[in-house]
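Engineer: Right, I'll just put the structure down here and ask away after.
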Amino acid sequence: TTSSPINITVNPVPNVPPTVSLTAPANNANYTAPASVNLTANATDSDGTITKVEYYNGAALIGQATSAPYAFTWANVAAGSYTLTAKATDNANTTTTSSSISITVTANQAPSVSLLAPSASDNFTAPATFSIVANAADSDGSISLVEFYNGTTFLGSKTQNPYTYDWLNVAAGSYTLTAKAYDNANASTASAPVTITVN
């Protein structure tokens with residue numbers, strides 16, 4: 001004799017969602033435009049593997065990585081405020097989104113530069129030798145280079161303060177001198193010109 005049948009259901013083991021957190025950049029980090037922001041995340045899955053980690057600015061996907069430390073470089077970021085998250089996907093296609101962090105990218109301020117010497121009132125006799133002296137500063141970074149020019153002709157450069165260039169054996173004539181300063185973000189500013197005469 002065979003009994004009446006009964007139906008049973010065997011449910012699959014529920015998939016455990018992955019965990020994910022942003023490890024870089026730090027919350028409230030500040031950058032100077034155009035910025036390169038390095039993002040990394042810690043992502044794990046207790047019952048499987050991580051297939052990818054995606055990075056978002058708000059709702060916009062900005063990049064992804066498929067292996068630890070899930071690094072991605074967000075390049076040429078313009079000035080502004082950004083909210084970043086990481087979203088991990090496991091081998092069962094289950095996703096988890098990290099807590100958000102905020103970063104700020106500020107516009108780079110160009111350096112300032114002026115010629116301290118010589119001045120238009122100075123007197124020179126050929127063959128003249130004198131120092132061209134510049135003062136350069138950067139309010140939101142550092143000075144990387146100061147170049148010296150006679151008109152459009154490059155004379156020389158200095159990478160460290162004092163920013164001076166010794167011009168030797170200058171023949172008689174009229175010369176228009178300028179200095180051009182570069183900051184650590186490669187922004188540049190040219191000084192006001194100074195015209196001198198070598199008699």
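The values are calculated or read from the model by the stated rules, or taken from the named source; none is laboratory data. As the structure is a computational prediction, the values presented were derived from the model and not from experiment. Cβ coordinates were reconstructed from backbone atoms using ideal geometry, including for glycine residues, and neighbour counts include every protein chain displayed. All accessible areas refer to the heavy atoms of the entire protein, side chains included, with ligands and DNA or RNA removed. Shrake-Rupley method; radii C 1.70, N 1.55, O 1.52, S 1.80 Å.
Engineer: With Kirkwood's inverse mean 1/r over C-alpha pairs for Rh, give me the Rg to Rh ratio of the range 1-130, two decimals please.
Structural biologist: On the way: Rg = 28.8 Å, Rh = 19.0 Å.
Result for the range 1-130 is an Rg/Rh of 1.51.
Engineer: Tell me, what are the semi-axes, in whole angstrom and largest first, of the equivalent ellipsoid of the range 85-156 as set by the roots of 5 times the Cα gyration tensor eigenvalues? Mind showing how you got there, number by number?
Structural biologist: Values: eigenvalues 634, 37, 11 Å².
Whole-Å semi-axes of the equivalent ellipsoid: 56, 14, 7.
Engineer: Suppose all protein chains stay in the model; what accessible area per residue would a 1.4 Å probe give for the chain, in Å²?
Structural biologist: 56
Engineer: Follow-up. So for the range 46-199, what are the equivalent ellipsoid semi-axes in whole Å, largest first, each being the square root of 5 times an eigenvalue of the Cα gyration tensor?
Structural biologist: Numbers: eigenvalues 631, 37, 21 Å².
Result for the range 46-199: semi-axes of 56, 14, 10 Å.
Engineer: Hey, rough spin-label estimate for VAL13 and SER131, points 7 angstrom out along Cα→Cβ, what's it come to in nanometres?
Structural biologist: In this crude spin-label approximation the distance works out to 7.7 nm.
Engineer: Starting from the 7 Å offset along Cα-to-Cβ, what nm value, one decimal, do you get for the label separation of THR44 and ALA110?
Structural biologist: Taking the two extended label points, one gets 5.2 nm.
Engineer: In nm, to one decimal, how far is the ASP122 label point from the ALA68 one, both placed 7 Å along Cα→Cβ?
Structural biologist: The two pseudo-label positions are separated by 6.3 nm.
Engineer: At a 1.4 Å probe, what is the % contribution of carbon and sulfur to the accessible area of the chain?
Structural biologist: Looking at the chain in its full context, I get 50 percent from C and S.
Engineer: Could you work out how far the C-alpha centroid of the range 114-179 sits from that of the range 6-31, in angstrom?
Structural biologist: 62
Engineer: Continuing with the same structure: Among 10-18, 74-82, 181-189, what's the highest-first ranking by average C-beta atoms within 10 angstrom per residue?
Structural biologist: Values: 10-18: 10.9, 74-82: 14.0, 181-189: 18.4.
So the peptides 10-18, 74-82, 181-189, ranked by packing, come out 181-189, 74-82, 10-18.
Engineer: Return the FRET efficiency for the residue pair ASN76, THR164: r is the Cβ-Cβ distance, R0 is 41 Å, and the value is rounded to the nearest 0.05. Don't skip to the answer; put the middle values down first.
Structural biologist: Numbers: r = 35 Å, r/R0 = 0.86.
So the FRET efficiency works out to roughly 0.70.
Engineer: Residue separation times 0.36 nm, minus the C-alpha to C-alpha distance between ASN30 and ILE6: what's the value? Write down the numbers at each step before the final one.
Structural biologist: Values: separation 24, 0.36 × 24 = 8.64 nm, distance 6.56 nm.
Value of the extension gain: 2.1 nm.
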